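The values are calculated or read from the model by the stated rules, or taken from the named source; none is laboratory data. Please read these numbers as outputs of a predicted model, since none were measured by experiment. Every residue, glycine as well, gets a Cβ built from its backbone with ideal geometry; the counts of neighbours run over all protein chains shown.
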Amino acid sequence: MEITNFARKKKAFIIAITDNPLSPIGQLADSVSLCGLRKLLLFGSHASTLVILDCLIGGAFSEAQERSVEALMRLENTLKGCDVWIQ
């Protein structure tokens, strides 16, 4: 939520992937992709979520590769200073 609130302040377009449009992240998003988690046996499968992520990331990078890399580098540096970056 911290990262989403940070992005919202920077006027970023927020895309949420959630199982419920009323979830906290869904409420902050400009666009919501619903993706339910189906429990097969003892574990849930995140395959559909990963497919959506792969399409979004691939589409964003194919549009503007150089700008995308620069933006990700800026984001990484910013998040490292906010103690929300996972290394």
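Please give the number of the condition D83 fails out of (1) more than 12 Å from the chain's Cα centre (by Cα); (2) in a loop (DSSP other than H, G, I, E, B); (3) at pLDDT 80 or above.
Going through (1) more than 12 Å from the chain's Cα centre (by Cα); (2) in a loop (DSSP other than H, G, I, E, B); (3) at pLDDT 80 or above one by one, D83 breaks only (3).
Hey, can you tell me all the residues within region 22-51 that are in contact with a strand residue (DSSP E or B) (Cβ under 8 Å, 6 or more places away or on another chain), modelled with pLDDT of 80 or more and not in a strand (DSSP E or B)?
S23, I25, G26, L28, A29, D30
Taking into account only those residues within region 1-29 that are of a type in the set (D, E, K, R) and on the phi < 0 side of the Ramachandran plot, which is surrounded by the most Cβ atoms within 10 Å (Cβ to Cβ)?
R8
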